[in-house]
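Working notes, beginning with the structure itself.
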Amino acid sequence: MNLKDISKQATAGTTTAGTISELKEIETKYLGRHGEFNQYFDQLPKEEKPKQGATFNLAKQKYSAEVQKKSDEIIGRESAREFDVTVPGILPSIGHLHLITGAIEEITGIFEKIGFIRRRYPEIDTDWYAAEGLNIPKDHPARDDQETFYVSDNVVLTPHTSNGQLREMEAMKKPPIKMINIGKTYRRQIDISHTPMFHQFEGLLIDKNIDITHLIGVGNYFVQHYFGRDRRIRLRPHHFQFTEPSFEIDITCGVCGGLDCRLCKAGWLELGGAGMVHPTVLKNGGIDPKKYSGFAFGWGVERVLAMKNNLPDIRNIYSTDLRILNQF
Amino acid sequence: MDIKLPDSTLRKYLITKATPEKVAEALTLCGPSVDRLHHKNGNSVYDIEAITNRVDTACAFGVAREAAAILPLFGIKAKLNNSPYDIKATDLPERTAVKLPLIVEIKDEALIPRFAAIVLSDLIVADAPTEMKEDLELSGVRTLNNLIDITNYLTLCFGQPVHIFDYDKIKGHKMILRESRAGEKLTTLDGKIHKLLGGDIVIEDGEGRLIDLCGIMGGKLSEVDEKTQKAVLFVQTYQPKKIRRTSLYTQERTLAAQIFEKQPDTKLVIPTLIEGVRLLVKHARAKVAGESIDLYFQKPQAKTVKLDIKWLNRLIGYDFDFKTVTGILKNLGFGIKKISASSLAASVPTWRLHDISIPEDLAEEVARIYGYFRLEGKLPVTANLSVATDPLLDWEYAVKRYLADLGFTEIFNYSLVSRDIFQKANLDTDHSIPLTNPLAKEFGFMRCSLIPSLLMDLEHNQGKVNLPIRIFELSNIYLPDQTAKMLSGLPEERSILCMATQGISYRHSKGYLEALFGMLHIPNISFASVEGNEGPWQKNQTAEIYSGKHFIGIFGAIKQGIRTAFSLNDDIYLTNLDFQSISDLANTDFSYTPISDYPDLIEDITIQSDRHISELIQLIKQESALVNKVGYKDSLKNKHTFTVHFNDPKRNLSESEVTKIREKLKLLGKRGGSESVPESVLPNPG
Ligand SMILES: [Zn+2]
């Protein structure tokens, strides 16, 4: 083939190209390092090369310009083409972490930032850790409220995460103790705000000179990080066998901002119980109540979840319907 | 213990200008919580939650006493009025009728700290006064007649249960208080017949008939009615544990029982009796027809608790001065003796004997009356701890997150399961832990496997969502104490990961698992056919999973029969992994392999062999150092195709070198082999 034929073929090829990638292919075929043009030039006898050099370069340049022109044309056509940018994407397969896992992780993170150590203690425990060691003697009316499941006379499904208190004291042996114990707990009740299995997070801080204002500080810190900057807590008198003094903790209502509404009681929502660790409990955990003091709280994971997300029925959290779970 | 208290009743005992709203707010912050304040016909009603150890606040007078101590700290004057503690024995109206005999016999003084009664005659049964009826109704008590209403009103005001018997119905006018015998029967006022277990406190009359289930509810036999003319007014306190036991098993959780089991103040017995007589004289024209009987077997012991103000301030985190502390305690009825400039001894009032015994109890009184809400919160400063969280907890979250990213949905099933679903999954319940008091049959056992729960989840979702389905649960299972744990008497709680797919092929399901092991850097994973025929697994499509020699779980198909039982038509592949092992083996280490500067030569090679595929892959890798990577493509009967990558990091490979290796690889199948593999085991390509 002579240079003219090559140019003709190349031009014809370029004209038929419909897309940029087709055009690139044709361009490579003719103008590439081992393209038709170069092959033609390479096979010329040595003495012919200087003579034809100028013509050859001109042909290549001309073709190069044609390619550029075609490229502009294709790009111009592509940009003018109608394209619906609102067409939905194709989703990859999407999984879902459970709400409770998410909440536990969030709660853990908040407390770890201020030095609490995440723990998990037995869900099935002896009466000593779940009750008697927590200053709740056998036959005590306080056991009424617990609605405890029994495995045997001496072994229970823990009705709260407070069994972790004594276990943590035994494990650490000496303050400071800063625990956030999160686990499954069980009570014999099922209704709109109770499931027989649920989760609690138990905070325990024991050190020298720990006082009530520290509990208030940690409580405020938690609710501000979990619920929002503008939230705060208040303590009300209550009674638990394993704390003295004991408190019921309320949080400002997020819906009305503390004014009063349908969801709250005069601007406040109940968060859960807390208190200063009872000296008997410290003693039972091998810690000298004369030297150390501490606070503890045990709050419901489902409860804070429901409060944060306005879930009306706590039982929904335990739905196994993927149409619900896939919304989480 | 919840009570409804009308504002009008409260104000009989409390003089203050505070509005009901203010009273409710102050009580909630510093005393018993007022859950709600209702307004009805110009009156208000407080829904009060009396804290369990504060039975003294479960009545109008008790709430008034709290309010009188609390309101001054809100800058509002408040004073107690008409205290029953001011009623003296001499206030009892004198006998005005013929004396009627009443013989009382106490078989066991331990049953009854204090016993008081008085006989009244000439009673006229009628309506109680309107005001009393209104207050009772607002407090949620049904009104009947003046006699019954007065007893209930006394309880509302003073928190002391009171009973009234028809004197003429007590045979022989004799009351014998004793423990019941097992099998004795008694009909209570609500018409229920109770067969007693024995050891209950009861009263028998002169003819051996049981006329009172003491502290719980009166007996039908001695009930007052519209014809009653003579009566016994009856005020007691009882041994709390006996009352509680009887109340629980007879399921008669009456107000009286709830109060008696919490030990009300015995000092209130006679004032209540006297006030009762006064009201019956006034509203039922009663005449006193006998001396009051007062058997006081267990008088309260005086109790003093010392309080160091510096210690108090350290516990509360506030600077109270001596005067503020003593002021608060005095308002609550404590007697104060100064020991030093910063310490005191507080004598505990009789109505607080059962809830105040250590300095912490006094601290609570001071801090709550002052108002917890007035304390400023601060974060504690403590040393940082060098202990670490159990890595298991971190790996659990990492794996959950990863599986969710791979498209799996996490499920939380109850740990409490039924025996039925275990049988349905062909797993025996011998290893599940039964509860002695389950809530329902479906929650009877603590599960020893997550598999039945996940199969049930798939069943529940049939037809509700499109396939494929990928779900997992990562939870504890509970195993009876067979091993070293025996010493503690506790079951073993073991973390397990269970994954299930539906509508996804064997190889794709297994791919998730392999991706997971890759993420966790678990070394030397291998799969081996299971021996034996266990549980829900389809034997020939199930593998045990090992890391080195360490067994870590099972992956496989669920038997047709089990699938049918759970109404599942599609192939189900399940993974059950021991997560403790996973956590022990997982790591974040990785080793770096330099990338070759020379391109791979890639060849598809088909080998005919009866060996396991994993074995063939191993053999291909071992054949030559130039084999860089082996991928499995597909199989046709015992002809298996692999995609083999050849590379030498130091140079370009030539076609002829690769051809030589390929020819050797093709012969792999001819060199002996493992036991033959049935065709059905071969994974479906694709
Ligand atoms: Zn609100």
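List of remarks:
- Count - residues of region B:3-39 that are within 14 Å of chain A (Cβ to nearest Cβ) and part of a helix (DSSP H, G or I): 11
- Identification of strands (runs of 3 or more DSSP E) wholly contained in region A:118-176 with 3 or more residues that are at the interface with chain B (Cβ under 10 Å from one of its Cβ atoms) and out of contact with any helix residue (DSSP H, G or I) (no Cβ under 8 Å at 6 or more places or on another chain) yields A:149-152.
- Any hit, region B:402-419, residues being among the aromatic types (F, W, Y) and more than 28 Å from the chain's Cα centre (by Cα): yes
- Options B:D168, B:D190, B:D200; residue that is charged (D, E, K, R) and touching a Leu at 6+ places or on another chain (Cβ under 9 Å): B:D200
Yes/no matrix, rows are residues, columns are (1) more than 7 Å from chain A (Cβ to nearest Cβ); (2) open to solvent by 30 Å² or more (accessible area, probe 1.4 Å); (3) assigned to a helix (DSSP H, G or I):
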residue: B:D355; (1), (2), (3): yes, no, no
residue: B:F373; (1), (2), (3): no, yes, yes
residue: B:V387; (1), (2), (3): no, yes, no
residue: B:L393; (1), (2), (3): no, no, yes
residue: B:A398; (1), (2), (3): yes, yes, yes
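- Sole exception among (1) among the aromatic types (F, W, Y); (2) open to solvent by less than 20 Å² (accessible area, probe 1.4 Å); (3) in contact with a strand residue (DSSP E or B) (Cβ under 9 Å, 6 or more places away or on another chain) for B:Y296, by number: (2)
- Region A:276-321: number of residues that are within 13 Å of chain B (Cβ to nearest Cβ), open to solvent by less than 30 Å² (accessible area, probe 1.4 Å) and out of contact with any helix residue (DSSP H, G or I) (no Cβ under 8 Å at 6 or more places or on another chain): 1
- Selection status of B:D135, open to solvent by 10 Å² or more (accessible area, probe 1.4 Å), touching a helix residue (DSSP H, G or I) at 6+ places or on another chain (Cβ under 6 Å) and in a helix (DSSP H, G or I): no
- Every condition in (1) touching a strand residue (DSSP E or B) at 6+ places or on another chain (Cβ under 6 Å); (2) surrounded by fewer than 14 Cβ atoms within 10 Å (Cβ to Cβ) holds for B:K559 except the one numbered (2).
- Selected residue (only one of A:F242, A:F227 is open to solvent by 10 Å² or more (accessible area, probe 1.4 Å), within 23 Å of A:T280 (Cα to Cα) and more than 9 Å from chain B (Cβ to nearest Cβ)): A:F242
- Of the criteria (1) in a helix (DSSP H, G or I); (2) within 16 Å of the ligand (Cβ to nearest atom); (3) acidic (D, E), which one A:E302 fails: (2)
- Checking each residue in region B:280-293 for being within 46 Å of the chain's Cα centre (by Cα) and crowded, with 21+ Cβ neighbours inside 10 Å picks out only B:L280.
- A single member of A:I90, A:I107, A:I74 is assigned to a loop (DSSP other than H, G, I, E, B) and either surrounded by 10 or more Cβ atoms within 10 Å (Cβ to Cβ) or not basic (K, R) (or both), and it is A:I90.
- Filtered residues of region B:360-371 (kept if more than 7 Å from every other protein chain (Cβ to nearest Cβ), surrounded by 19 or more Cβ atoms within 10 Å (Cβ to Cβ) and either of a type in the set (V, I, T) or in contact (Cβ under 8 Å) with a residue 40 or more places away in the chain (or both)): B:L362, B:V366, B:I369, B:Y370
- Counted residues, region A:254-270 - those being open to solvent by 40 Å² or more (accessible area, probe 1.4 Å), within 13 Å of chain B (Cβ to nearest Cβ) and within 7 Å of the ligand (Cβ to nearest atom): 1
- Exactly one residue among B:I525, B:I477 is of a type in the set (A, V, I, L, M), within 13 Å of another protein chain (Cβ to nearest Cβ) and either open to solvent by 20 Å² or more (accessible area, probe 1.4 Å) or in contact (Cβ under 8 Å) with a residue 12 or more places away in the chain (or both), and that residue is B:I477.
- Subset of region B:44-74 that is modelled with pLDDT of 95 or more and in a strand (DSSP E or B) - its residue that is farthest from B:E261 (Cα to Cα): B:S44
The values are calculated or read from the model by the stated rules, or taken from the named source; none is laboratory data. Since we're looking at a predicted model, the values are computed, not measured. Please note: Cβ atoms are built from the backbone with ideal geometry, for glycine as well, and neighbour counts cover all protein chains shown. Protein only, heavy atoms only, side chains kept; ligands, DNA and RNA dropped before computing areas. Shrake-Rupley method; radii C 1.70, N 1.55, O 1.52, S 1.80 Å.
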